[in-house]
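S.K.: Take a look at this one; I'll ask things after.
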Amino acid sequence: MDSDDELRGASDSEIIYISSDGESSGGVGGYGSGEEESDCGRDDYEVREEVASMREKRYVILTEKDIHERQEEGIRRVSSVFSIPRGSACILLRQYKWNISKLSDEWFADEERVRNSVGLPANGVIRPDCQKLTCGICFDEYSPSELSSASCGHFYCHECWEGYISTSINDGAGCLALRCPEPSCTAMVLEETINRLAKDEDKVKYKQLLLHSYIEDSRKIKWCPAPDCTCAVEFLGDENYDVSCMCRFSFCWNCTEETHRPVSCETVSKWILKNSAESENVNWIIANSKPCPKCKKPIEKNQGCMHMTCRPPCNFQFCWLCLGPWSEHGSTTTGGNYACNRYESAKKQGIYDEAEAQRERAKNSLVRYTHYYERWASNQTSRQKAQADMQKFESENLAKLSDVLGIPETQLKFIPEAWSQIVECRRVLKWTYAYGYYLDDEAKSEFFVYLQGEAESGLERLHKCAEKDIHEFLPKADKTKLPSLQDFSEFRVKLAGLTSVTRTYFENLVQALEAGLEDVRGAGQSTSKRRSNDNAGANGKKPSARGRPGRNKAARTSR
């Protein structure tokens with residue numbers, strides 16, 4: 001199926017077109033034109049939609065109906081070309097992972113070998129000419145009409161067949177390769193046999209498993225991972241794996257996690273594993289506790305003196321600093337209850353250096369991880385809230401605002417568009433913290449922090465405008481004066497401008513991070529060359545001018 005283009009028969013309405021750069025000519029900033037103010041909102045939005053729809057198609061959204069139609073079309077074609085029954089064609093396609101090209105090549109090269117490998121007998125069932133037959137499972141005798149076979153001559157009663165099929169279907173997708181109950185027989189049980197002998201609920205399960213096999217056997221189609229979504233996405237090829245399903249859930253087609261640009265799938269996998277692993281718990285224990293010298297259980301000291309008592313049944317009393325028995329402490333000669341002369345003396349000799357260094361490393365690692373994780377989680381929470389606010393505005397406030405201002409809803413599309421941009425920027429900003437956690441280049445880290453800070457500031461300005469400034473124009477019970485169209489026009493220009501600027505900045509940020517901040521390395525190398533040339537000039541040599549372009553490049557990047 002992966003190399004076969006014959007099965008692609010989706011209509012244009014099923015194809016999602018995604019803009020590669022997210023921008024269109026005209027931009028949102030077109031609201032600044034005073035002469036075209038009344039039509040600019042509608043035209044600008046429609047232009048963006050039209051341009052986005054005309055961009056290269058990167059993926060196709062498939063509903064269960066679309067999948068079923070593709071599946072049936074493939075079965076009909078194989079059945080027609082190979083001159084075999086529908087059930088046999090279905091078995092062949094299932095065994096060849098719905099790849100018509102590969103099946104055709106091998107079938108016409110050696111039909112008998114394909115039949116034998118799949119378990120598809122060439123001849124039909126020949127019933128014995130007798131009045132009674134014995135079921136091969138329950139060993140009761142039945143008339144020939146009360147027994148069935150999987151085209152192989154092994155007959156079983158319908159009750160045994162029903163139980164055998166039901167057990168296999170309940171075990172999962174293995175029922176799609178169900179063979180004759182006879183252990184030594186390789187004959188495949190056809191779909192028509194299952195439809196004739198299985199219970200109704202088992203038939204439904206079998207059809208659902210057969211439908212799912214079309215997606216799960218493909219390398220180009222994957223299910224949407226959103227809960228309760230039954231759509232699948234066929235990827236048509238591009239470096240950008242971000243896709244959006246009909247259910248409005250966006251995810252990375254490659255790893256099926258939520259969309260995570262600018263970080264790679266590998267980084268996402270490591271970050272998610274780290275968030276769910278026990279490594280940070282171990283770091284916390286190392287950084288904030290010490291083991292009891294007797295039972296070795298970790299103990300945290302949060303206040304009080306150095307006299308520690310382990311929990312029952314251990315009850316061992318010891319000094320927190322040197323971990324020695326408390327029976328040898330407590331007097332003024334050992335430092336009293338709040339100090340330990342033995343510890344201080346041993347520390348000067350370097351006895352505790354390794355343990356203290358390990359504890360310090362664990363603390364630093366924990367603090368660094370906590371810094372990035374808390375901000376990652378905070379942006380995720382902000383993104384979820386922005387999604388809820390966007391849905392609330394579209395369902396409740398959009399119509400109210402249209403009534404108050406007397407403006408069609410089509411000319412208010414710039415507001416949901418701003419909210420949509422906020423949601424997308426929150427997603428990007430969230431994953432920049434995972435990016436920063438694994439960034440180990442000092443020069444790049446400094447520049448990354450600057451870019452991230454600028455991104456946060458710009459996003460906060462847009463978020464404030466969309467969330468708070470809009471309330472001046474929404475109807476309120478204690479509000480008697482209606483907002484003027486001039487004020488709203490100014491708000492529209494401001495919000496549209498912020499949306500455009502923020503979109504452009506975040507697109508450039510994503511591209512820079514995906515490129516690995518290579519400009520920073522180039523600038524750093526140029527700086528090193530410039531320093532070398534300066535030293536050479538101090539020694540009486542003529543300096544080279546190679547460092548200057550690097551400096552200008554860094555300045556352009558900083559903007």
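S.K.: Quick one: putting +1 on the C-beta of Lys and Arg, -1 on the C-beta of Asp and Glu, what dipole do you get for region 55-156 around its Cα centre, in Debye to the nearest 20?
M.R.: Once rounded to the nearest 20, the dipole reads 540 debye.
S.K.: Quick one: 3J(HN,Hα) in Hz for region 496-505, Karplus 6.51/-1.76/1.60 with θ = phi - 60°, rounded, Gly and Pro as x.
M.R.: With coefficients 6.51, -1.76 and 1.60, one gets 5, x, 4, 4, 5, 5, 5, 4, 4, 5 Hz.
S.K.: According to the square roots a ≥ b ≥ c of the eigenvalues of the Cα gyration tensor, what is the shape class of region 77-228, taking rounded for a/c under 1.5, prolate for a/b larger than b/c otherwise, and oblate for the remainder?
M.R.: oblate
S.K.: Extension gain Ser489-Glu467, at 0.36 nm per residue separation less the Cα-Cα distance, in nm?
M.R.: Stretched fully, the Ser489-Glu467 segment lengthens by 6.2 nm.
S.K.: Report the FRET efficiency, 1/(1 + (r/R0)^6), for Asp200 and Arg248, where r is their Cβ-Cβ distance and R0 is 60 Å, rounded to 0.05.
M.R.: My answer for the efficiency is 0.95.
S.K.: Then there is this: Quick one: if the Förster radius is 51 Å, what FRET efficiency do Cys305 and Ser457 give, using the C-beta to C-beta distance and rounding to 0.05?
M.R.: The formula returns an efficiency of 0.60 here.
S.K.: Follow-up question, since we're still on this one. Can you list the residues, at least 5 places off or on another chain, whose amide H is less than 5 Å from the amide H of Cys224, using H built in the peptide plane?
M.R.: Here Cys231, Ala232, Val233 satisfy the definition.
S.K.: Further, regarding this structure: Mind scanning Lys97/Lys220; Lys97/Lys222; Lys65/Lys205; Lys102/Lys207 and naming the pairs with a C-alpha gap bigger than 18 Å?
M.R.: Flagged as over cut-off: Lys102/Lys207.
S.K.: Ile299's amide H: which non-local residues (gap 5+, or another chain) put their own amide H closer than 5 Å, with H modeled 1.01 Å from N in plane and none for Pro or chain starts?
M.R.: When sequence neighbours closer than 5 places are left aside, the close amide H contacts are Lys290, Cys292.
S.K.: List the pairs from Lys274/Lys392; Lys430/Lys468; Lys270/Lys296 whose alpha-carbon separation is above 24 Å, in the order I gave them.
M.R.: Among Lys274/Lys392; Lys430/Lys468; Lys270/Lys296, the Cα-Cα distance tops 24 Å for Lys274/Lys392; Lys270/Lys296.
S.K.: For labels at Glu442 and Lys132 in the simple 7 Å Cα→Cβ model, what's the distance in nm?
M.R.: Distance between the two pseudo-spin positions: 9.4 nm.
S.K.: Which distance in nm do the two modelled labels at Ser145 and Glu360 give, with both placed 7 Å along the Cα-to-Cβ direction?
M.R.: Going from the Ser145 label point to the Glu360 one covers 9.2 nm.
S.K.: Going by accessible area, probe 1.4 Å, with all protein chains left in place, what is the ranking of Thr63, Thr432, Thr309, largest first?
M.R.: Thr309, Thr63, Thr432
S.K.: So if I place +1 on the C-beta of Lys and Arg and -1 on the C-beta of Asp and Glu, and nothing else carries charge, what would the dipole magnitude of region 180-275 be about its Cα centre? I want it in debye, nearest 20.
M.R.: So the magnitude is around 160 debye.
The values are calculated or read from the model by the stated rules, or taken from the named source; none is laboratory data. Remember, it's a predicted structure, so these values are computed and weren't measured experimentally. Neighbour counts run over all protein chains shown; Cβ positions are idealised from the backbone, glycine included. Just so you know, the surface numbers come from the protein's heavy atoms only, side chains and all, with ligands and any DNA or RNA stripped out. Shrake-Rupley method; radii C 1.70, N 1.55, O 1.52, S 1.80 Å.
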